[in-house]
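Colleague: A single structure is presented below for examination.
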Amino acid sequence: MRSATITRKTAETEISVTINLDGTGTYDNQTGIGFFDHMLDQLSRHSLIDFSIRAKGDLHIDDHHTVEDTGIALGQALTQALGDKRGIRRYGSCLLPMDDTLVRCALDLSARPFLIWNVDLPTPKIGTFDTELVREFFQALSTHGGITLHVDQLHGFNSHHIAEAAFKSVARALREAVETDPRKGDAVPSTKGAL
Ligand SMILES: [Mn+2]
C-alpha cells in the first residue's frame, strides 16, 4: 500500500500526518485552525488521498508555524508514500472554477521543488486566517514533496473562493499525478531512470 506516516516535533509545533495515496478522499484533519482544516479537507477529498492530520502549534503567536509545518510534514509524507515513483502518471493539471474564481494548477512530481504562485488574495484575512499563509503552505508542500507546482489565478475577487479553488485545483492535479498508469507497469516515469 502506498501510505506514510510522518511525525514532526519542534519547539513551535507538534504534527502527525498519515496519508494513503490509494484512498477514497476520507479525512480527519484537526489543526486548531478552522479555515485551514476546511482547506486540508478539500485537498484530501478532491485528490482521493486519505488524510489524518493532527497539529498542535503555537497559535497564541499566530497560525504561521502551524500552517507551514503542516505543509512540510504533508510534503514529507507524500515523498515517502511515493517511494521510487514507479508506475505513476507523474504530471497532473486542473482548471478549476468556483463561482467568480478560476484557478489553474499544473504540477510535476519531479523531485525538483519549484513554486510559481500567481495568486492574488484581495483581503489580508479570511475570517481570522491570514491569507498570506496559503502561499506559505504550498511553498512548504512543494519543497518537501519535491513538486514543481504552478498555480495561476485566472479570475476571482472573493478571497475564500480563490483560496479554496487553489486547494481544489492542486488536489485534482495531484490525484492525476499520483495515480498509477496501467500502461506503465513498474517503469519509472523518466528517461533518466530515476526521479
Ligand atoms: Mn468554503
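Colleague: Quick one: is Thr148 among the β-branched types (Val, Ile, Thr) and free of Cβ contacts under 8 Å to residues at least 24 places away in the same chain? Before you say what the answer is, go through the steps one by one.
Modeller: Values: among the β-branched types (Val, Ile, Thr): yes; free of Cβ contacts under 8 Å to residues at least 24 places away in the same chain: no.
No; evaluated as a whole, the condition is false for this residue.
Colleague: Of the conditions (1) crowded, with 20+ Cβ neighbours inside 10 Å; (2) of a type in the set (Asp, Glu); (3) in a loop (DSSP other than H, G, I, E, B), Asp186 satisfies every one except a single condition; which number is it?
Modeller: Here Asp186 meets the rest and fails (1).
Colleague: In addition: Filter the range 141-160 down to the residues that are assigned to a helix (DSSP H, G or I) and either basic (Lys, Arg) or over 21 Å from Phe35 (Cβ atoms) (or both) and list them by number. Walk me through it before giving the result.
Modeller: So the first thing to find is which residues in the range 141-160 are assigned to a helix (DSSP H, G or I), and the list is 141-145, 159-160.
Within the range 141-160, Thr143, His144, Gly145 qualify.
Colleague: Examine the range 125-135 for a residue that is in a strand (DSSP E or B), hydrophobic (A, V, I, L, M, F, W, C) and either touching a residue at least 24 places away in the same chain (Cβ under 8 Å) or within 16 Å of Leu74 (Cα to Cα) (or both), and state whether such a residue exists. Please lay out each step first, then the result.
Modeller: Just the residues of the range 125-135 that are in a strand (DSSP E or B), to begin with: 125-126, 129-130.
Applying the additional criterion that residues be hydrophobic (A, V, I, L, M, F, W, C) yields 126, 129.
Within this subset, residues satisfying the condition of being either touching a residue at least 24 places away in the same chain (Cβ under 8 Å) or within 16 Å of Leu74 (Cα to Cα) (or both) are 126, 129.
Yes, because at least one residue in the range 125-135 is in a strand (DSSP E or B), hydrophobic (A, V, I, L, M, F, W, C) and either touching a residue at least 24 places away in the same chain (Cβ under 8 Å) or within 16 Å of Leu74 (Cα to Cα) (or both).
Colleague: Next question, about the same structure. When you look at Leu174, is it among the hydrophobic types (A, V, I, L, M, F, W, C) and in contact with a Leu (Cβ under 6 Å, 6 or more places away or on another chain), yes or no?
Modeller: On the way: among the hydrophobic types (A, V, I, L, M, F, W, C): yes; in contact with a Leu (Cβ under 6 Å, 6 or more places away or on another chain): no.
Judged against the criteria, Leu174 is not a match.
Colleague: Quick one: Leu115 ticks every box in (1) in contact (Cβ under 8 Å) with a residue 60 or more places away in the chain; (2) within 17 Å of Thr70 (Cβ to Cβ); (3) in a strand (DSSP E or B) bar one, so which box is it?
Modeller: (1)
Colleague: Here's a follow-up. Let me spell it out: the conditions are (1) more than 19 Å from the chain's Cα centre (by Cα); (2) of a type in the set (Ser, Thr, Tyr); (3) surrounded by 17 or more Cβ atoms within 10 Å (Cβ to Cβ), and Ser142 meets all of them except one. Which number is the exception?
Modeller: If we test Ser142 against (1) more than 19 Å from the chain's Cα centre (by Cα); (2) of a type in the set (Ser, Thr, Tyr); (3) surrounded by 17 or more Cβ atoms within 10 Å (Cβ to Cβ), just (1) comes out false.
Colleague: With the structure loaded, tell me whether Gly127 is touching a helix residue (DSSP H, G or I) at 6+ places or on another chain (Cβ under 6 Å) and surrounded by 17 or more Cβ atoms within 10 Å (Cβ to Cβ) or whether it fails that test.
Modeller: On the way: touching a helix residue (DSSP H, G or I) at 6+ places or on another chain (Cβ under 6 Å): yes; surrounded by 17 or more Cβ atoms within 10 Å (Cβ to Cβ): no.
In short, no.
Here's the yes/no breakdown for (1) modelled with pLDDT under 95; (2) more than 16 Å from the ligand (Cβ to nearest atom); (3) within 22 Å of Thr24 (Cβ to Cβ):
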residue	(1), (2), (3)
Ile88	no, yes, yes
Trp117	no, yes, no
Asp130	no, yes, no
Ala140	no, yes, no
Leu149	no, yes, no
Phe157	no, no, no
His161	no, no, no
Ala177	no, yes, yes
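The values are calculated or read from the model by the stated rules, or taken from the named source; none is laboratory data. Because the structure is a prediction, the values reported are computed rather than measured. Positions of Cβ are generated from backbone atoms using ideal geometry, with glycine treated the same way; all protein chains shown enter the neighbour counts.
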